[in-house]
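Below is one structure, written out as C-alpha cells, with a few remarks after it.
Values in this text are rule-based calculations from the coordinates and carry no lab data. Computed from a prediction, not measured in an experiment: that's the story for all the values here. Here the Cβ is made from the backbone with ideal geometry for all residues, glycine too, and neighbour counts use every protein chain on show.
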Amino acid sequence: MKQEPVPYRRMIFICTNAEVKDGRPACGLRGSPMICEAIKSEVKSRGLKGKIRALKSGCMDLCEKGPNVMVYPEGNLHSGVTEEDIPKLLRKYL
C-alpha cells in the first residue's frame, strides 16, 4: 500500500443517496443531485478542477437533516441545504 497526500486543497461531499432508509427521506430525493451538479459546474468554470473536488457521496446517515454537504479539510457539515444556499456555499468554499 502506498500513502500519498490528498491531491486537493478542499473536498466537498454532497450526499446523493436516493434510497429511503428506515422511513427517513433520502438526500437524493430532496434535490441534492442538482446541488452537486451546480457545485461541480462552478468548480470547473472557475478553473479549480484539480484543486477543489466536489463529488457525490453515499449516505452519511444523517437523512433527517438532509440534504447534507460535508467539506474537508474544514470538517464542516451543512445540512438542510437548498438550491438557494448554493451561492453562499460557493462564496465560502470556492
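Projecting the Cα atoms of Ala54, Ile86, Ala26 onto the dipole axis of the chain, where Lys and Arg carry +1 and Asp and Glu carry -1 at the beta carbon, places Ala54 farthest toward the positive end. Structure remark: mean-square fluctuation, Gaussian network model of the chain, C-alpha springs under 10 Å; the largest value among Pro73, Pro25, Pro33 belongs to Pro73. Which of rounded, prolate or oblate describes the chain when judged by the alpha-carbon gyration tensor and an a/c cut-off of 1.5? Judged from the Cα gyration tensor, the chain comes out oblate (a/c at least 1.5, b/c at or above a/b). FRET efficiency for the pair Met1 and Tyr72, taken as 1/(1 + (r/R0)^6) with r the Cβ-Cβ distance and R0 = 30 Å, rounds to 0.90.
Counting each DSSP H run of 4 or more residues in the chain as -39500 (n - 2.57), what helix-only mean residue ellipticity at 222 nm follows after dividing by all residues, to the nearest 500 deg cm²/dmol? Mind dumping the intermediate values first?
Numbers: 2 runs with 22 residues, N = 94.
Taken over the chain, the calculation gives -7000 deg cm²/dmol.
By DSSP, what percent of the beta bridges with both residues in the chain are antiparallel, rounded to the nearest 5? Spell out each step's value before the answer.
Details: 8 of 14 bridges.
Around 55 percent antiparallel, to the nearest 5.
For the chain, modelled as a GNM whose springs connect Cα atoms under 10 angstrom apart, the maximal fluctuation among Ile14, Ile52, Ile35 occurs at Ile52. Across the chain, Cα pairs under 8 Å and at least six residues apart give a relative contact order of 35 percent.
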